[in-house]
Amino acid sequence: MITKSKRVLALGLSSAMALSMFAGCTNNSSSSASGTTAASDGTDSTQGTDASGNDDETAGTTAGEEGNEGNTDATEPSSDVSGNTGGDVFAEYEPTYVPEETVSIQIFSQISNVPGEQRGWMADIVKEKFNVEINIVNDSSVLSTMLQTGDMGDIVIWGNQDEDYKTAVSSGYLLNWNRDNLLSNYGAYMEENMAEALEYNAKVNGGNVYGFNGSISLPGSANSAGLLYTWDTRWDLYMEAGMPEINDLNDYIEMMKTFKELEPTDENGNETYALSMWPDWDGNMVMYVKAFATAYWGYDEWGMGMYDVRTGSFIGALDEDVDNNPYYQALKFINQLNQEGLVDPNSMSAKWDNYSEKMKAGGAFFSIFNYAGADIYNTEAHAEENKYMCSLIPNDATPLIYGTSTTGSGYVWSISAKTEHPELCMEIIDWLSTPEGTLTYFYGPRGTNWDVDENGNLYLTEFGVTCQTDRTGTSMTEVGYTGLFDDGIIQVNSNIWDQASYIPNDPNNQSFLYELWDSMQTEPVNEVEASWREFSGETLGINYLLHNENIVVSPSTGVKFTNPSKRDTLYTNWSQVATTIVNGTWRCIYAATDAEFDQLWEQMVSDANSYGYADCVAFSEEQAATRYLAEQMLAE
């Protein structure tokens with residue numbers, strides 16, 4: 001088995017352990033109103049920011065060869081915040097430019113999961129504030145046509161700064177924000193408060209600003225997505241099982257077997273499983289398998305394999321040294337669960353929505369992700385029934401967490417050069433970057449869902465709490481908006497500020513993340529959460545993660561992996577190998593015996609080798625060396 005380091009890697013996040021982060025058993029909001037979404041090849045799961053920017057379950061990071069600027073240690077909030085304009089930090093944004101007739105704005109988002117007209121409360125707010133209707137496009141096949149014609153719609157959100165993005169910039173298809181003082185006149189908040197992110201974009205684009213990377217953090221902030229591997233587990237069943245010591249994955253399997261004996265069916269009468277998955281977000285590898293390797297052994301996805309931030313080494317997904325291959329070991333564990341009847345047999349064909357409904361009904365007992373575990377299961381109804389998911393990390397695990405960056409480490413926001421409404425597009429993005437816009441993006445309308453008291457302290461209303469705990473079942477009509485709360489979540493799947501970032505210029509040094517607000521520091525919601533607090537010695541679940549002596553920290557250097565473009569000779573082989581690995585991995589998951597597993601693994605390796613797997617590994621290793629060099633420079 002893999003040998004794991006028992007130390008904390010402190011590159012770029014030396015005092016992360018001092019942070020007080022997120023509520024633990026209460027429903028984590030790193031998905032929040034921005035959606036519990038992720039995307040497939042070339043993009044991520046959303047849930048915040050992945051330091052490597054790979055196509056996975058977390059949000060991407062900024063690209064570019066120079067990426068060391070803007071990395072921040074998790075320390076106390078900086079007292080020197082740029083753009084401190086004074087006044088009401090949470091003041092309502094007053095647009096400069098509002099068209100007389102309603103305008104349709106197209107947002108092309110490479111990482112959106114739900115295309116079409118924006119609906120619900122966000123559509124209502126944008127219509128009232130800007131007289132705009134938003135239409136979201138996410139069809140990747142449209143991008144090639146857009147790059148040929150230069151017609152990019154209005155607002156463009158890129159999965160990363162890859163060859164397509166660079167082509168759009170160099171061809172003049174994206175708006176130069178410095179032109180005609182557009183940024184100063186219509187993006188004043190961004191100019192004052194996101195200077196480093198804008199300067200970084202200009203640096204990698206020849207001196208002109210063509211947008212910025214999202215998931216920006218102020219100095220001292222933690223990374224919300226970097227803390228998503230919380231190992232959410234049905235704590236009520238854990239209590240009923242006698243709270244056995246969980247040292248390793250063998251213990252975990254035994255615990256899951258006990259859980260199934262205790263609760264063989266879910267609330268809908270369907271069979272329960274330890275683990276349910278979904279293939280929507282698979283890319284070069286199967287998302288859940290590679291993510292499990294990150295959550296347990298601390299390796300980060302990188303191209304066609306896994307990257308060790310402790311040593312800078314790269315291990316191919318199909319590396320023949322299977323005892324030290326984290327992708328293989330993760331796959332083997334999931335197959336062992338399957339052989340015990342503990343893996344949902346519908347996982348291979350399920351969509352995210354199917355998974356969410358299953359988890360909400362108690363159809364799965366654990367998730368390595370907060371957004372796929374407690375965020376879904378921990379409803380008010382379950383709390384009243386004394387059922388809850390809480391964090392339970394195996395003693396032997398070395399979970400990975402990610403650093404932050406003031407230059408941004410997420411998807412790239414830009415504006416089409418051919419838009420007929422450049423001022424309007426700029427102001428919409430500017431509004432979303434303000435505290436009012438960001439809090440609305442995450443939690444819904446001000447006044448009905450969240451607000452600020454006379455001392456400047458943020459709080460969720462009772463209705464706002466209900467929206468967070470039951471997004472798909474809470475109607476907004478009773479507070480004057482249309483549809484369910486979930487209907488109104490903006491589907492671009494890219495937040496401008498990292499949710500755990502401090503709020504610019506806030507004298508109370510509050511974060512955008514509601515679980516960190518003073519108003520949310522409450523007593524346990526039930527006996528189950530009280531048990532977890534006693535067990536962990538923590539009141540906030542992320543402190544339980546951060547105080548784990550085995551965590552591995554990946555610094556945010558800005559260097560990310562870029563898949564071969566369609567213009568590269570390796571592109572076809574890469575695509576064939578990726579398809580082979582994804583399909584072969586799913587077959588291995590459902591192998592009925594060890595012998596069948598071994599046979600399917602060997603067949604996958606053979607097929608991948610015939611398509612040029614070795615070249616894919618070499619391509620990945622070259623970029624791994626670049627990343628490691630940047631990390632070494634940052635450490636110095």
> In the set Q468, Q521, which member is under 20 Å from L227 (Cα atoms) and open to solvent by 30 Å² or more (accessible area, probe 1.4 Å)?
Replying inline: Q521
> Tell me, which residue of the range 597-636 that is polar (S, T, N, Q) and closer than 29 Å to R310 by Cα is most open to solvent (accessible area, probe 1.4 Å)?
Replying inline: N609
>> Can you confirm whether M306 is in contact with a Pro (Cβ under 8 Å, 6 or more places away or on another chain) and surrounded by 20 or more Cβ atoms within 10 Å (Cβ to Cβ)?
In response: yes
>> I need every pair where a residue in the range 188-199 that is touching a residue at least 60 places away in the same chain (Cβ under 8 Å) and open to solvent by 80 Å² or more (accessible area, probe 1.4 Å) has its Cβ under 9 Å from the Cβ of a residue that is outside any helix (DSSP H, G or I) and of a type in the set (A, V, I, L, M, F, W, C), sequence separation at least 6 or different chains.
In response: E196/I216; E199/V209
> For G312, which of the numbered conditions (1) farther than 24 Å from N113 by Cβ; (2) touching a Pro at 6+ places or on another chain (Cβ under 7 Å) fails to hold?
Replying inline: (2)
> In the range 354-381, how many residues are open to solvent by less than 10 Å² (accessible area, probe 1.4 Å) and within 18 Å of E527 (Cα to Cα)?
Replying inline: 3
>> over 17 Å from T102 (Cβ atoms), touching a Ser or Thr at 6+ places or on another chain (Cβ under 9 Å) and not in a helix (DSSP H, G or I): is that true of N160 in this structure?
In response: yes
>> All but one of (1) closer than 26 Å to W121 by Cα; (2) small (G, A, S); (3) at pLDDT below 95 hold for S409; state the number of the condition that does not hold.
In response: (1)
> Of the residues in the range 233-253, how many are assigned to a helix (DSSP H, G or I), under 28 Å from T379 (Cβ atoms) and not hydroxyl-bearing (S, T, Y)?
Replying inline: 6
>> Return the residues of the range 128-154 that are in a loop (DSSP other than H, G, I, E, B) and aliphatic (A, V, I, L, M); say none if nothing qualifies.
In response: M152
> Does K387 meet the test of being of a type in the set (D, E, K, R) and more than 25 Å from Q491 (Cβ to Cβ)?
Replying inline: yes
> Can you name the residue in the range 495-546 that is of a type in the set (A, V, I, L, M) and more than 25 Å from A241 (Cα to Cα) and, of all such residues, is modelled with the lowest pLDDT?
Replying inline: L546
> Taking only pairs six or more apart or across chains, which ones have beta-carbon atoms under 7 Å, a first residue in the range 258-276 that is part of a helix (DSSP H, G or I), and a second residue that is open to solvent by 80 Å² or more (accessible area, probe 1.4 Å)?
Replying inline: L262/E240
> Looking at K387, K351, which is the one that is open to solvent by 30 Å² or more (accessible area, probe 1.4 Å) and either free of Cβ contacts under 8 Å to residues at least 24 places away in the same chain or touching a strand residue (DSSP E or B) at 6+ places or on another chain (Cβ under 9 Å) (or both)?
Replying inline: K387
> Consider F463 against the criteria (1) of a type outside the set (G, A, S); (2) modelled with pLDDT of 95 or more; (3) assigned to a loop (DSSP other than H, G, I, E, B): it satisfies all of them except one. Which criterion is unmet?
Replying inline: (3)
>> It is to be established whether one or more residues within the range 62-81 are of a type in the set (S, T, N, Q), at pLDDT below 85, assigned to a loop (DSSP other than H, G, I, E, B) and open to solvent by less than 10 Å² (accessible area, probe 1.4 Å).
In response: yes
> Is the range 398-407 home to any residue that is of a type outside the set (G, A, S), open to solvent by 10 Å² or more (accessible area, probe 1.4 Å) and more than 30 Å from A197 (Cβ to Cβ)?
Replying inline: no
> Is one or more of the residues making up the range 604-621 closer than 19 Å to P279 by Cα, in a helix (DSSP H, G or I) and not small (G, A, S)?
Replying inline: yes
>> Condition first: open to solvent by less than 50 Å² (accessible area, probe 1.4 Å) and more than 20 Å from C425 (Cβ to Cβ). Now tell me which residues in the range 145-167 satisfy that.
In response: N160, D162, T167
> Taking L174 and the conditions (1) aliphatic (A, V, I, L, M); (2) under 30 Å from V89 (Cβ atoms); (3) at pLDDT 95 or above, which numbered condition does it fall short on, given that it satisfies the others?
Replying inline: (2)
> Residue check, Y443 against (1) within 28 Å of A530 (Cα to Cα); (2) over 20 Å from the mean Cα position of the chain (by Cα); (3) of a type in the set (F, W, Y); (4) open to solvent by less than 10 Å² (accessible area, probe 1.4 Å), all met but one. Which one?
Replying inline: (2)
> Taking the range 356-373 only, how many residues are in a helix (DSSP H, G or I) and either touching a helix residue (DSSP H, G or I) at 6+ places or on another chain (Cβ under 8 Å) or at pLDDT below 95 (or both)?
Replying inline: 3
>> For the range 248-260, check the following and say yes or no: at least one residue is within 24 Å of the chain's Cα centre (by Cα), of a type in the set (D, E) and open to solvent by 10 Å² or more (accessible area, probe 1.4 Å).
In response: no
>> Can you say whether S414 is of a type in the set (S, T, N, Q) and open to solvent by less than 10 Å² (accessible area, probe 1.4 Å), as far as the supplied structure shows?
In response: yes
> With respect to G558, is the statement that it is open to solvent by less than 10 Å² (accessible area, probe 1.4 Å), modelled with pLDDT under 80 and more than 19 Å from L227 (Cβ to Cβ) true?
Replying inline: yes
> Does the range 524-552 hold any residues that are surrounded by fewer than 20 Cβ atoms within 10 Å (Cβ to Cβ), within 27 Å of T461 (Cα to Cα) and of a type in the set (A, V, I, L, M, F, W, C), and which are they?
Replying inline: A530
> Which condition does Y481 not pass, out of (1) crowded, with 21+ Cβ neighbours inside 10 Å; (2) in contact with an Asp or Glu (Cβ under 7 Å, 6 or more places away or on another chain); (3) over 20 Å from Q118 (Cβ atoms); (4) hydroxyl-bearing (S, T, Y), if it passes all the others?
Replying inline: (3)
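Any residue in the range 593-612 that is within 28 Å of T167 (Cβ to Cβ) and either in contact with a Ser or Thr (Cβ under 7 Å, 6 or more places away or on another chain) or of a type outside the set (G, A, S) (or both)? First the steps, then the outcome.
In the first step, residues of the range 593-612 are kept if they are within 28 Å of T167 (Cβ to Cβ); the result is 611-612.
Cutting the leftovers down to either in contact with a Ser or Thr (Cβ under 7 Å, 6 or more places away or on another chain) or of a type outside the set (G, A, S) (or both) gives us 611.
Taking every residue of the range 593-612 in turn, at least one turns out to be within 28 Å of T167 (Cβ to Cβ) and either in contact with a Ser or Thr (Cβ under 7 Å, 6 or more places away or on another chain) or of a type outside the set (G, A, S) (or both).
The values are calculated or read from the model by the stated rules, or taken from the named source; none is laboratory data. Since the model is a prediction, treat every value here as computed from it, not as a measurement. All Cβ positions, glycine included, derive from the backbone under ideal geometry; neighbour counts span all protein chains shown. Areas reflect the complete protein model, heavy atoms only, side chains present, ligands, DNA and RNA absent. Shrake-Rupley method; radii C 1.70, N 1.55, O 1.52, S 1.80 Å.
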